[in-house]
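Below: one structure, written as structure tokens.
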Amino acid sequence: MIQQIQSNKAPAAVGPYSQVVIANEFVFLSGMLPLDRETEEIVGLNAAEQTNQIMKNISGLLSELHLRLEDVVKTTIFLDSIETFQSVNEVYGSYFTTHKPARSCVEVAAIPKGALIEIEVIAIKK
């Protein structure tokens, strides 16, 4: 069974895709940008601030699905510059303190809306 979810707990999708797709027990969150969910504007002037906003958006969306960060099994981080890796890692690590999901991190040429970072998430519904 596949279910598509749109939520007001996170910024709306900026294209023709779902914020969340649930397939059996797997929960796929589309790449999150550092957007304020009300204004749809980017929050944060640097990668660390933008990471914090994204993690707040992810936490809010998971909460609406009755999930927590501890239910996340995999993340993928897209950076516009690998030079921001350390500052992003510090903020990201403050959200995943004891539970550490598998993760990939890659540098990309550009991120939508001029963001410095984007994070996608896979979680498990227990």
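The values are calculated or read from the model by the stated rules, or taken from the named source; none is laboratory data. Just so we're clear, the structure is a prediction, and the values are computed from it rather than from any experiment. Reconstructed Cβ throughout: ideal geometry from the backbone, glycine too, with neighbour counts over all protein chains shown.
Of the residues making up the stretch 8-35, those that are in contact with a Pro (Cβ under 7 Å, 6 or more places away or on another chain) and part of a loop (DSSP other than H, G, I, E, B) number 2.
Results for (1) of a type in the set (S, T, Y); (2) crowded, with 16+ Cβ neighbours inside 10 Å; (3) touching a Gly at 6+ places or on another chain (Cβ under 6 Å); (4) closer than 22 Å to Y17 by Cβ, shown as yes or no for each residue.
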site: Q50; (1), (2), (3), (4): no, yes, yes, yes
site: I58; (1), (2), (3), (4): no, yes, no, yes
site: E64; (1), (2), (3), (4): no, no, no, yes
site: F78; (1), (2), (3), (4): no, yes, no, yes
site: Y92; (1), (2), (3), (4): yes, yes, no, no
site: H99; (1), (2), (3), (4): no, no, no, no
site: A123; (1), (2), (3), (4): no, yes, no, yes
site: K126; (1), (2), (3), (4): no, no, no, no
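Got at least one residue in the stretch 97-110 being at pLDDT 95 or above, farther than 13 Å from P11 by Cα and assigned to a helix (DSSP H, G or I)? For the stretch 97-110, residues at pLDDT 95 or above, farther than 13 Å from P11 by Cα and assigned to a helix (DSSP H, G or I): absent. Just so you know, in the stretch 22-48 the residues that are touching a helix residue (DSSP H, G or I) at 6+ places or on another chain (Cβ under 6 Å) and of a type in the set (G, A, S) include one that is surrounded by the most Cβ atoms within 10 Å (Cβ to Cβ), and it is A47.
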